[in-house]
Structures are given as C-alpha cells and as structure tokens.
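Below: one structure, written as structure tokens.
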Amino acid sequence: MAMEDGSEWSCRLKGNMRIRGIKSTNPVAVGDRVEVEKEDGGEEQGVISEIEERKNYIVRKSVNLSKRTQIIAANIDQAVLVVSLRDPKTLFGFIDRFLVTAEAYDIPSVIVLNKMDLYGPEMEEELWTFRATYGMAGYKMIETSVNDGIAMEQWKDLLQGKVSLISGNSGVGKSSLINVLEPGLDLRTQEVSETHNQGQHTTTFAEMHPLQIGGYIIDTPGIRGFGLVKMEMEEIGDYFPEIFKYKSDCKFNNCLHLEEPKCGVVAAMEEGKIAWTRYRNYVQMVTEEDDTYRTDEFAE
Ligand code: GDP
Ligand code: ZN
C-alpha cells in the first residue's frame with residue numbers, strides 16, 4: 001500500500017471486512033483509498049480497516065465463481081481512448097461501444113485522435129466528420145501527433161495528476177504517447193481489438209504506474225478494454241450523452257427512439273444535431289439479439 005506520506009506498507013485485511021452490496025472475490029482493488037491501522041510490533045505494517053466509497057469501478061466476471069465479480073480497478077478519473085483515422089483506422093462502432101461502456105461505469109472519457117501528421121487534404125472531410133460526431137456528443141478531444149510533436153503539451157496536461165485508463169485498438173500509438181511522458185514505461189496489456197472474441201479468462205490484477213509528472217496510469221494485464229457491464233435496453237440511450245439530451249422531447253417517456261412517433265431523438269438526428277453514425281450504432285446496440293457485449297467483456 002502506498003501511504004499518504006509516500007512510504008510503502010504491507011497490509012492485510014481486517015478479518016470480517018465486507019463491502020456493502022458487492023459480492024466480490026477481491027474486496028480491495030487497485031485505486032481504492034483505504035484507512036490503515038498500524039499493526040502492533042510491525043514496522044510499516046498495517047491492517048486495512050476501511051475502504052472509502054468508490055466513485056466508480058470496473059469489474060469482470062471471476063474465473064471460477066461465476067456469480068461473483070472481480071473488481072479490477074477503482075476511482076478512475078478518466079478513460080482515455082486513443083484512436084486513429086488511418087494506419088490503422090479506428091471504427092466508429094468500436095469507439096461508440098467503448099464510450100457507452102465508460103458511461104455505464106461512470107468514468108468520463110477523453111478521445112485522443114493521434115497520427116494527425118497522416119491526415120492530408122484528401123482526408124479533410126473525414127476529419128471534419130469525426131470532429132463533428134464526437135464534438136456534438138460532447139466528448140473532450142485532443143488531436144496529437146507523436147511523430148510531429150503536435151499537442152504534446154496538451155497530452156501531458158491531460159494525464160497530469162489524474163488516474164487514467166488508456167485504451168485503443170492496436171497500432172494507434174498508445175505506447176508511443178506514453179513513452180513521450182514516461183520513457184521506458186511498458187504496459188503489459190493495452191491492446192484492444194475491434195472484434196469481439198471470447199477470450200480466455202485469467203485471474204490477473206491491475207497495477208497503477210505512477211507518472212513522473214504526477215498521476216497514474218492503470219494497467220490491466222489480461223484485460224483488454226473494459227470488463228463486463230450489464231445494461232438494460234432502456235438504459236443504453238442514457239449512455240449516449242446527446243441522445244440523453246434530446247430524449248425529453250420524445251412523446252413517450254419509454255421511447256426507445258426506434259419507430260415510435262414523435263421521437264425527439266430522431267428529430268434531432270434529422271436536424272443534424274446527432275450524428276447518424278452515433279444513432280445507427282445506438283440502434284444496433286438496442287436491437288442486437290446477441291447481447292454478449294453487454295453481459296461480458298466486449299473487447300478482447
Ligand atoms: P500501440 O499499439 O497503440 O501501442 O501503438 P504504438 O505506439 O506501438 O505505435 C504503432 C505504430 O504507429 C508505431 O510504428 C509508431 O511509431 C507509429 N506511431 C505512433 N504515433 C504516431 C503518430 O503520431 N504518427 C505516425 N505517423 N505514426 C505514429
Ligand atoms: Zn425517442
């Protein structure tokens with residue numbers, strides 16, 4: 001345990017400690033803030049007596065105790081999604097699923113559009129569409145190039161003093177970006193592929209890497225992207241900020257914004273206030289019969 005004065009103590013859990021409402025195989029997770037009582041006799045040894053309420057946490061299904069969940073990490077300030085428009089191109093469907101999951105976990109997302117040096121005039125329209133889509137959705141975005149050193153100061157400011165989870169599909173430049181701030185920091189697993197595979201579940205624990213500039217990067221070995229999120233069909237729209245914003249204009253308060261008459265969301269989309277790709281991906285998530293991405297890890 002890292003103590004507030006910077007020292008490292010080894011700690012054990014108090015025997016009968018339970019956390020209200022959570023059936024978890026691991027009561028304390030990376031990122032938890034805890035109270036420690038000094039253990040008699042021991043130097044820099046303590047007993048964890050209390051866990052502060054988590055502002056958020058991500059979970060995954062436990063390997064052998066299927067009803068239980070494993071809390072991977074807690075108190076995450078932001079989910080940083082690194083994307084690229086080419087070499088490789090990040091699909092909008094992938095971005096939207098990521099953002100929805102982060103919303104469901106109550107973790108604010110920031111989009112980092114990297115490889116800006118590669119987007120020539122022929123990609124102007126695509127770039128504009130990208131900015132409009134996620135700008136209208138209300139996401140904070142920065143545009144970087146590691147190769148040309150674009151917005152590296154902004155990149156630093158983004159991570160400084162925060163606990164960040166960094167994700168993105170393979171090859172978009174996550175390692176390169178991290179190395180700008182922390183040369184030599186090699187995260188074990190940051191790959192997120194865009195297709196859903198049933199992966200092998202292994203028990204792993206996340207780690208927090210401190211940054212020299214202040215702040216931490218959470219590394220989640222064996223876990224790519226987020227863990228499971230259970231979502232009801234009716235909830236999904238609430239995790240698209242711009243759909244949530246216009247749903248008060250719908251005639252029916254249980255409107256799913258599909259075929260219902262007088263739907264405020266469809267109207268907003270037709271007026272160009274919601275990007276059609278976002279709406280389309282919303283519809284796909286709501287109508288999908290295979291809901292495995294909602295009940296299991298969607299990215300492996
Ligand atoms: P990761 O898989 O997301 O960690 O991606 P890497 O950091 O390993 O980068 C994948 C490739 O993209 C490497 O060849 C990097 O040199 C390259 N790369 C990273 N950032 C940029 C960038 O801003 N512009 C260009 N043109 N290439 C980049
Ligand atoms: Zn509606």
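What to note about this one:
- Taking the numbered list (1) assigned to a helix (DSSP H, G or I); (2) closer than 29 Å to A206 by Cβ in turn, A132 passes all entries but (2).
- Residue that is surrounded by the fewest Cβ atoms within 10 Å (Cβ to Cβ) [pool: residues in the stretch 135-150 that are touching a strand residue (DSSP E or B) at 6+ places or on another chain (Cβ under 8 Å) and not in a helix (DSSP H, G or I)]: K140
- For the condition small (G, A, S), surrounded by fewer than 18 Cβ atoms within 10 Å (Cβ to Cβ) and over 14 Å from the mean Cα position of the chain (by Cα), G173 does not qualify.
- Qualifying residue in the stretch 85-92 (condition: within 16 Å of ligand 1 (Cβ to nearest atom), within 17 Å of the chain's Cα centre (by Cα) and at pLDDT 90 or above): yes
- Of the residues making up the stretch 153-176, those that are of a type outside the set (K, R) and closer than 14 Å to P210 by Cβ number 5.
Residue by residue, here is whether (1) part of a loop (DSSP other than H, G, I, E, B); (2) modelled with pLDDT under 95; (3) surrounded by fewer than 16 Cβ atoms within 10 Å (Cβ to Cβ) holds:
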position: E153; (1), (2), (3): no, no, yes
position: G161; (1), (2), (3): yes, no, yes
position: D186; (1), (2), (3): yes, yes, yes
position: E194; (1), (2), (3): yes, yes, no
position: Q200; (1), (2), (3): yes, yes, yes
position: F226; (1), (2), (3): yes, yes, no
position: K230; (1), (2), (3): yes, yes, yes
position: D238; (1), (2), (3): no, no, yes
position: F244; (1), (2), (3): no, no, yes
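- Look at the stretch 149-174: where a residue is farther than 21 Å from L85 by Cα and a partner is open to solvent by 20 Å² or more (accessible area, probe 1.4 Å) and part of a strand (DSSP E or B), sitting 6+ places away or on another chain with Cβ atoms under 8 Å, you get K162/Y216; V163/M208; V163/Y216; S164/Y216.
- Close contacts from the stretch 71-93, counting a first residue that is assigned to a strand (DSSP E or B) and a second that is acidic (D, E) and open to solvent by 10 Å² or more (accessible area, probe 1.4 Å), with Cβ to Cβ under 6 Å and a gap of 6+ residues or different chains, come to A74/D32.
- Test: residue in the stretch 21-34 that is of a type in the set (D, E) and either modelled with pLDDT of 90 or more or touching a Phe, Trp or Tyr at 6+ places or on another chain (Cβ under 7 Å) (or both): yes
- Single residue of the stretch 104-118 satisfying the filter (in a loop (DSSP other than H, G, I, E, B) and near ligand 1 (Cβ under 10 Å from one of its atoms)) that is most open to solvent (accessible area, probe 1.4 Å): K115
- Qualifying positions in the stretch 246-266 - in a helix (DSSP H, G or I), open to solvent by 40 Å² or more (accessible area, probe 1.4 Å) and over 23 Å from Y105 (Cβ atoms): S248, D249
- Taking the criterion of being within 6 Å of ligand 2 (Cβ to nearest atom) and either over 22 Å from E288 (Cβ atoms) or touching a residue at least 60 places away in the same chain (Cβ under 8 Å) (or both), the only residue of the stretch 240-264 that qualifies is G264.
The values are calculated or read from the model by the stated rules, or taken from the named source; none is laboratory data. All values reported here derive from a predicted model rather than from experimental measurement. Heads up, the Cβs are rebuilt from the backbone with ideal geometry, glycines too, and the neighbour counts pull from every protein chain shown. These accessible areas exclude ligands, DNA and RNA; they are computed on the full protein's heavy atoms, side chains included. Shrake-Rupley method; radii C 1.70, N 1.55, O 1.52, S 1.80 Å.
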